[in-house]
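The values are calculated or read from the model by the stated rules, or taken from the named source; none is laboratory data. Small disclaimer: the values here were computed from a predicted structure and weren't measured. Methodologically, a virtual Cβ is constructed for each residue, glycine included, from the backbone with ideal geometry; neighbour enumeration extends over all protein chains shown. The area values use the complete protein model at the heavy-atom level, side chains included, leaving out ligands, DNA and RNA. Shrake-Rupley method; radii C 1.70, N 1.55, O 1.52, S 1.80 Å.
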Amino acid sequence: MPLPFKTVLIVTNHVYGGRKASIHFFADDLAARGVDVVFLTVDASLVNRLRPGAQFSNLRAAPKRQWLTVAPRLTAFVQPTLIHPANLHNAALNRLSGPIYAAWPARLPAELRRRMPRCDLILVETGTCVRFLPALRRAYPDAYLAYKANDLLSTLGTHPMLQETERRMLPRFDLVAAASAGIAEALPPGAPAMVIPHGIDKTAFDTAAASPYPEGSRNMVAVGNMLFDQWVIEQLAAIAPDWTIHGFGVQWRGPNPGNVVLHGEQPFARIVPFVKFADIGIAPYAMRPQFAYLAASSLKIRQYSYCRLPIIAPAGVDWGRPNIAVYDRTPESLGAAFRRAAALPREMLSAADIPSWSESVDMLVEAYLGRPDEAMRLRA
């Protein structure tokens, strides 16, 4: 589909480089299709840069206040700040810090208007980015403003002030692109929500030809740290001692079992063959009822399913896929889920319903043009 916009500003808490999130794939697809993209990382706070853990390593390593051409038509900029609206996990401290965070400036880089004098589309990702809406409207009053709601802020455990800011700001967007119907239904009244599901990089998986695993070995893979339940991996390591479990981007505490290999943060291209040629995918979410929307929005579930992997995932959610074996977080239930997954014939699985990132971008184009598929629109 031809793209009706020429310039796009992406506002995110992610940095360009390292492990990819959905916003990186959107940026890559837009740039590959001839759009000039600025990938602006905001609220790169000193607090986060000093935090330990692999998930903050990309933030620490990224050059600050430098305009970097990271791909043809794709420019990245990281704007550092002293603090960001962090949840202090104490009701009294959150009440005291709320006014301070609310008053903390949400300024855009001084050179942004010179670098991008015109902007057709602004894509704001879930997170602290929502507080930049007034500044974005002032800088580009004619731009189409879309909010990419990949998660609920309550699930991410953000500061209450930020959640209140999102409730106030969402109705002022032209579009709220929700990654699942569950997210769209949980948004505040007045949010112009439309379901635009995550895609996957089909080309990367289709062209991966060489397995990274030793011939004859049996392997499980777990990717990502969101709601990570380490107990699941520890138990599976004991249940299946002749299997190897590979973890990417997980935050591990304490010593890991001998058959658990922790690869840390890795570029997406390195992770792809580990997923494609695994025998089982693990989605070890610490699941609660309010996280049920992950059934439709989980990127790892889509990637595992596209590779036709049997998946081990927690019960209590209607995952809507025949390749998922669920457990009730007891060793007995987890063992049964593992045995079901190990016996599942992969040739019976279908991935026909999983879109590519280009198809996800095309849905955004339909909304931009004012012709969204009515079957996907949940709230006008």
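Remarks
- Scan of the range 340-359 for residues that are buried (at least 16 other Cβ atoms within 10 Å of the Cβ) and closer than 13 Å to residue 279 by Cα, ordered by number: 341, 342, 344
- Among the candidates 139, 179, the residue that is more than 25 Å from residue 88 (Cβ to Cβ) and open to solvent by less than 10 Å² (accessible area, probe 1.4 Å) is uniquely 179.
- Taking every residue in the range 164-177 that is within 18 Å of residue 140 (Cβ to Cβ) and pairing it with any residue that is outside any strand (DSSP E or B) and of a type in the set (Ser, Thr, Tyr), at least 6 positions away or on another chain, the pairs with Cβ-Cβ distances below 8 Å are 175/368.
- Test: residue in the range 7-23 that is open to solvent by 10 Å² or more (accessible area, probe 1.4 Å), of a type in the set (Val, Ile, Thr) and either more than 22 Å from residue 135 (Cβ to Cβ) or not in a loop (DSSP other than H, G, I, E, B) (or both): yes
- Here residue 120 meets the list (1) over 13 Å from residue 10 (Cα atoms); (2) out of contact with any helix residue (DSSP H, G or I) (no Cβ under 7 Å at 6 or more places or on another chain); (3) at pLDDT 90 or above almost entirely, failing just condition (1).
- Residue in the range 3-22 that is touching a residue at least 60 places away in the same chain (Cβ under 8 Å), under 17 Å from residue 364 (Cα atoms), of a type outside the set (A, V, I, L, M) and touching a Cys at 6+ places or on another chain (Cβ under 6 Å) present: yes
- The criterion of at least 1 residues that are of a type outside the set (A, V, I, L, M) and at pLDDT below 90 is met by the following helices (runs of 4 or more DSSP H) wholly inside the range 259-307: 294-297.
- The lone exception for residue 365 - which of (1) touching a residue at least 24 places away in the same chain (Cβ under 8 Å); (2) touching a strand residue (DSSP E or B) at 6+ places or on another chain (Cβ under 9 Å); (3) open to solvent by less than 10 Å² (accessible area, probe 1.4 Å) it fails: (2)
- Residue ID - surrounded by the most Cβ atoms within 10 Å (Cβ to Cβ), chosen from residues in the range 289-307 that are closer than 20 Å to residue 221 by Cβ and more than 13 Å from the chain's Cα centre (by Cα): 304
- Candidate set from the range 308-344 (those that are in a helix (DSSP H, G or I) and closer than 14 Å to residue 229 by Cα); member that is nearest to the chain's Cα centre (by Cα): 334
- Here the condition is being within 21 Å of residue 166 (Cα to Cα) and buried (at least 19 other Cβ atoms within 10 Å of the Cβ); of 40, 74, 96, it holds for 40 alone.
Here is a yes/no grid of residues against (1) in a helix (DSSP H, G or I); (2) over 19 Å from residue 14 (Cβ atoms); (3) among the acidic types (Asp, Glu):
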| residue | (1), (2), (3) |
| --- | --- |
| 130 | yes, no, no |
| 134 | yes, yes, no |
| 154 | yes, yes, no |
| 161 | yes, yes, no |
| 164 | yes, yes, yes |
| 168 | yes, yes, no |
| 171 | yes, yes, no |
| 190 | no, yes, no |
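- Condition met for residue 190 (modelled with pLDDT under 95, open to solvent by 20 Å² or more (accessible area, probe 1.4 Å), more than 24 Å from residue 288 (Cα to Cα) and touching a strand residue (DSSP E or B) at 6+ places or on another chain (Cβ under 9 Å)): no
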